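Beneath this line is the structure, given in structure tokens, with notes to follow.
Quick note: the coordinates plus some simple rules give every number you see, no bench work behind them. In this text the structure is predicted, and so the values were computed from the model without any measurement. Reconstructed Cβ throughout: ideal geometry from the backbone, glycine too, with neighbour counts over all protein chains shown.
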Amino acid sequence: MNSNLLWIFISACLVNNFTLYYFLGLCPFFGVSGRLKTAFRLGLATIFVMVITSLCASFLNAFILPYAPYLKLISFIVVIASTVQFVEMVIRKLSPALFRALGIFLPLITTNCAILYLALTQTSKELSVVQGLVYAVGAGSGFTIALVLMAGLREEAELSSIPAVIKGTALNMIIAGLLSMAFMGFAGLFSAA
Amino acid sequence: MAESRDADINAQRLYAEFVKGIWKENPVFVMVLGMCPMMAVTNSAINAIAMGVSTAFVLIGSSLLVSLLRNLIPREVRISTYIIIIATFVTVVDFTLQAMVPAIHKELGAFISLIVVNCLILGRQEAFASRHPTRLALADAAGMALGFAFALLCLGATREILGSGSLFGRSLFGEHYEPWVIMILPPGGFIMLGLILLFFNWMRQRKTMRPAIAAEEVRR
């Protein structure tokens, strides 16, 4: 059971990294990865929203969705939107400095498709509450790792001399492609076990 | 932005709103919106088309509804209202695809549901449909949807040709072609889109440089 949980974590975090393998959460991945510090903090906020969403999704799956399957998408998105609203209020109350640093990217967590995908896969894989939590933490950490790596690479790239034509999104895409190629190496973890 | 009156709308205006989404303000190549579904489903041309059609339906449907209701939706809860309208249309698409073409539905998987959080759709509601009359909103939505589908098809077809040596499942080069497998895997998506964006940048740069080069030649 314990090793099972470990595999769920490693799979969500590294092997099937949400951003670099499933292309989820690309908007913040390209939008917020300009500075290392902001990237890391946004990653932490995303992990938190994922954990809460996973709990709520388990609850919805157990009590509401068996009676009304067509409400799945609508109820998930409402849960995510209200969690983000809640996180926003808490952060503003507890740490106004962090609130100012995150700025517009805090409300934008709602439209991060990684979170909705997490809720949906958790449902289709029929994970238990604990497994769901581990899955959420793993996926969130994977997203944070990708975001921080990307931010570090972009800060380096800014300092080097690059032809003007490739600067901006085109360069970021190609960097992401190389990162994604590196993460494919983690697939070996599973065949070795 | 002042809301244009219904009387001002003529065929020319409608056409302009329709055409801008396809090329000049192409949602993917120029505005870089809606990336997630864009790359996840474009490992073959047929998937790209299925995604394009589903997104078009959701975009046009929700633009129509949002623009009809634009004077009734309170400003404070507008984003939540848009999301719920979009989620409703996505549920319709999800169930329809599941019933009519189960194979494609299985292939696209959760990405049909993820149309809900496609920033292109929410963006068009916020920026256009909520402040323009219905006919203009429809023209805009149709143009944007067509532009998105065009971009999907570009990426999907290129990746399928390079990655499996076929187009729409039909083999192109015969059995001696060694497929470039990385292109249908995730890194290929990033790199291919990077190259396409690079091409667009290059074209734009050439266009802006042309007058400067011409002036240089005149001086000589």
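Under the rule that an exposed site lies in a DSSP loop and has at most 15 other Cβ atoms within 10 Å, name the longest stretch of chain B with no GluC sites (Glu not before Pro) of that kind, not counting the sites themselves. That would be B:26-174. Loop only by DSSP, 14 or fewer other Cβ within 10 Å of the Cβ. Give me the chymotrypsin sites (Phe, Trp or Tyr not before Pro) in segment B:1-92 that pass, ordered by residue number. For chymotrypsin sites (Phe, Trp or Tyr not before Pro) across segment B:1-92 that sit outside H, G, I, E and B with at most 14 neighbouring Cβ atoms in 10 Å, the list reads B:Trp23. Projecting the Cα atoms of B:Ala129, A:Met173, B:Ala215 onto the charge dipole of the protein assembly as shown (Cβ charges, centred on the Cα centre) puts B:Ala215 farthest toward the positive pole. Charged side chains reduced to their Cβ positions (Lys and Arg at +1, Asp and Glu at -1) give segment A:35-141 a dipole of some 420 debye around its Cα centre. Here B:Lys106 is the anchor, and the lysines within straight C-alpha reach of less than 20 Å, apart from those fewer than 8 places off in the same chain, are A:Lys72, A:Lys125. Residues considered: A:Ala157, A:Ala57, A:Ala68. Largest GNM mean-square fluctuation over chain A, using C-alpha springs under 10 Å, is found at A:Ala68.
Computed over chain A with a Gaussian network model linking Cα atoms closer than 10 Å, the most mobile of A:Val84, A:Val49, A:Val129 is A:Val129. For chain A, the membrane-span-like helices by this rule, meaning whole DSSP H stretches whose C-alpha atoms cover at least 18 Å of axis and whose Kyte-Doolittle mean is 0.5 or above, are A:36-63, A:72-94, A:129-159, A:169-184; this says nothing about an actual membrane.
Can you show me the helix-derived [θ] at 222 nm for chain B, built from DSSP H runs with n ≥ 4 at -39,500 (n - 2.57) apiece and divided by the number of residues, rounded to the nearest 500.
Details: 8 runs with 144 residues, N = 220.
Result for chain B: -22000 deg cm²/dmol, rounded to the nearest 500.
Between amide H atoms placed 1.01 Å from N, distances below 5 Å from B:Leu167 occur with B:Leu172, all of them 5 or more places distant or on a separate chain.
In deg cm²/dmol, rounded to 500, what helix-only [θ] at 222 nm does chain A give when every DSSP H run of at least 4 residues adds -39500 (n - 2.57) and the total is split over its residues?
Taking each H run of at least 4 residues, the total per residue is -23500 deg cm²/dmol.
What lysines sit close enough to B:Lys24 to cross-link, taking a C-alpha to C-alpha distance under 25 Å and skipping anything fewer than 8 places away on the same chain? Straight-distance partners of B:Lys24: A:Lys167, B:Lys207.
Can you bin chain B into rounded, prolate or oblate? Criterion: square roots of the alpha carbon gyration tensor eigenvalues sorted a ≥ b ≥ c, rounded for a/c under 1.5, prolate for a/b above b/c, oblate for the rest.
Oblate is the answer for chain B, as a/c is 1.5 or above yet b/c matches or exceeds a/b.
Shielding by partners for peptide B:107-114, expressed as the average number of C-beta atoms from other protein chains within 10 Å of each residue's C-beta, is 5.
Per residue of peptide A:43-54, the mean number of Cβ atoms on other chains within 10 Å of the residue Cβ is 0. Taking other C-beta atoms within 10 Å as the exposure proxy, B:Ser166, B:Ser63 rank B:Ser166, B:Ser63 from fewest upward.
A rounded overall shape is assigned to the protein assembly as shown, the ratio a/c of its alpha-carbon gyration tensor axes (a ≥ b ≥ c) being less than 1.5.
How high is the relative contact order of chain B, given as a whole-number percent (alpha carbon pairs under 8 Å, six or more residues apart)?
In percent, rounded to a whole number, it is 33.
Largest mean-square fluctuation among A:Phe86, A:Phe29, A:Phe143, in a Gaussian network model of chain A whose springs join Cα atoms under 10 Å apart, belongs to A:Phe86. Neighbouring Cβ atoms from other chains, within 10 Å of the Cβ of residues in B:177-188, number 3 on average.
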